[in-house]
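Below is one structure, written out as structure tokens; the observations come after it.
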């Protein structure tokens, strides 16, 4: 069944949301797992890293495999693997087997971003920022729903039954992707839009790509850190004993993403994407620090502001990268970018666990808020597509 562009956007935005639900599922139930097995913060972080290592380091492989397999195959198989892994976790008691299943779930989750995002970037070239923002809204909805849904299920059913119940949407979505997207549908735009070998200044392009990847690695540190330990922080760092209440604050970190991504994406279609990115980095960094010094009763406000900046950065950053990279190489480059971008997550899950055990979560988050503005120095050096064309015309490259 062939889907039109808007239907594809809706389907992929939904897929993005479900992918984010699975990404955040383990962090949400981590306090319950910690209590049942008597884990330290470091051990809990190591368990979380089993999912994150696969989820964060394998997108480069998934992007490369798109040259051999259709995106449809990679997307549908990925969701099936993740969902079935979480289903199996609901029936095991061995912590080592649980860790292996987390790795398998992360492997399945790694297939989405390097295949779904480049496709939408190719389908909507004129309003790329806004459309990727709408796609990011799907991810934000999943991120917003995950803490609330998982928290409620854990309280009412227990954490293992919660994993079983939440495996069902992934299995259904895997089948929907498989039967709703034709084999070549997600590949045809890539072939049609391949640039000629003489159409771009490769040195300028890939220099900008490397600068962007380094900047993105830094400015997402705050989001990766809060994704890993927000519920742990609210539960143990702030003394919120009710898991659902802690999960509500976790959801607040994602709340503004429901509207910020398309707004920021639209702004970046009108104004310079780099300027929008710089403004969002500043807002994200300041709001993360404010979270560490705000009284618990008022935490909702800085959490929402942080979420606005974090999701805006994701959509505008993806649009800028799509502007820079030729269509023929987007899957591979996006896969590498997501691997680099996500690679901080397993490292942070260990580092923040150690800092929390030795000092406090507030200390760890404050350190991240200081590091993130360093990305601005790299963002300002990136050449926009207009600048690249100007440099290419000076050097005699034909467009």
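The values are calculated or read from the model by the stated rules, or taken from the named source; none is laboratory data. Since the structure is predicted, the reported quantities are computational estimates derived from the model, not experimental observations. Cβ placement follows ideal geometry from the backbone for every residue including glycine, while neighbour counts extend to all protein chains displayed.
Things to note:
- Every condition in (1) at pLDDT 65 or above; (2) surrounded by fewer than 20 Cβ atoms within 10 Å (Cβ to Cβ); (3) under 20 Å from residue 121 (Cβ atoms) holds for residue 220 except the one numbered (2).
- Hits in segment 231-258 - residues which are surrounded by fewer than 24 Cβ atoms within 10 Å (Cβ to Cβ), touching a residue at least 40 places away in the same chain (Cβ under 8 Å) and farther than 19 Å from residue 21 by Cβ: 236, 237, 238, 239, 240
- Candidates are the residues of segment 271-311 that are in contact with a helix residue (DSSP H, G or I) (Cβ under 7 Å, 6 or more places away or on another chain) and outside any helix (DSSP H, G or I); the one that is nearest to residue 362 (Cα to Cα) is 294.
- Here residue 305 meets each of (1) over 14 Å from the mean Cα position of the chain (by Cα); (2) at pLDDT below 90; (3) surrounded by fewer than 22 Cβ atoms within 10 Å (Cβ to Cβ) with one exception, condition (2).
- Pick from segment 140-150, criterion crowded, with 24+ Cβ neighbours inside 10 Å and modelled with pLDDT of 80 or more, ranking: nearest to residue 224 (Cα to Cα): 142
- Selected residue (only one of 228, 215 is surrounded by 24 or more Cβ atoms within 10 Å (Cβ to Cβ), over 13 Å from the mean Cα position of the chain (by Cα) and part of a helix (DSSP H, G or I)): 215
- All conditions in (1) surrounded by fewer than 24 Cβ atoms within 10 Å (Cβ to Cβ); (2) at pLDDT 85 or above; (3) under 17 Å from the mean Cα position of the chain (by Cα) hold for residue 343, with the sole exception of (2).
- Scan of segment 23-48 for residues that are in a helix (DSSP H, G or I) and under 9 Å from residue 353 (Cβ atoms), ordered by number: 41, 42, 43, 44, 45, 46, 48
- Every residue from segment 1-21 that is surrounded by fewer than 17 Cβ atoms within 10 Å (Cβ to Cβ) and either assigned to a loop (DSSP other than H, G, I, E, B) or modelled with pLDDT of 85 or more (or both): 1, 2, 3, 4
- Between 58, 87, 24, the distinction of being closer than 20 Å to residue 154 by Cα, crowded, with 20+ Cβ neighbours inside 10 Å and in contact (Cβ under 8 Å) with a residue 40 or more places away in the chain belongs to 24 only.
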